[in-house]
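A short write-up of the structure that comes next.
What follows draws every value from the coordinates through simple rules; no lab data is involved. These numbers were taken from a predicted model, which means no experiment stands behind them. Cβ: placed from backbone, ideal geometry, glycine included. Neighbour counts: every protein chain shown.
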């Protein structure tokens, strides 16, 4: 049985290679001081990046609701990361709860 691949959420200030669970904010291009979402590293450690947009900033993409204060937030709904080739099941599927990416 494979153990869940979890990681704490940790903000970084600059765009660089991210460790599992690290993220940086992306901002609304029309309001540069408004956080529109995050780019995060896959919690499993594979190095793949994902983008999560906050409600009101998805521009036709999926959006997440944010509860709490960063980095100890909870996002809903669940987060699914597909393989780089975008085929097959999710590579990682879980939640960001109370600042921890938790695989289900």
## Note on the structure
Least to most buried among 57, 40, by other C-beta atoms within 10 Å and fewest first, runs 57, 40
### Query
How large is the convex hull of the Cα atoms of region 7-103 per residue, expressed in Å³ as a whole number?
103
### Query
For region 7-103, what relative contact order do you get, as a whole percent, if you take Cα pairs closer than 8 Å and at least 6 residues apart?
21
#### Entry: Sites residue 25 and residue 104 - FRET efficiency at Förster radius 25 Å, r taken between beta-carbons, to 0.05
0.50
### Query
What is the fewest-to-most order of 25, 101 by other Cβ atoms lying within 10 Å of their Cβ?
25, 101
#### Entry: Bins of 5 Å from zero: percent of alpha-carbon pairs in region 38-84
5, 19, 28, 26, 16, 6, 0
### Efficiency of FRET from Cβ geometry, residue 35 and residue 90, R₀ 30 Å, rounded to 0.05
0.75
#### Entry: Euclidean distance of C-alpha centroids, region 56-76 and region 11-29, integer Å
15
### Residue among 88, 58, 80 with the largest mean-square fluctuation in a Gaussian network model of the chain, springs linking Cα atoms under 10 Å
88
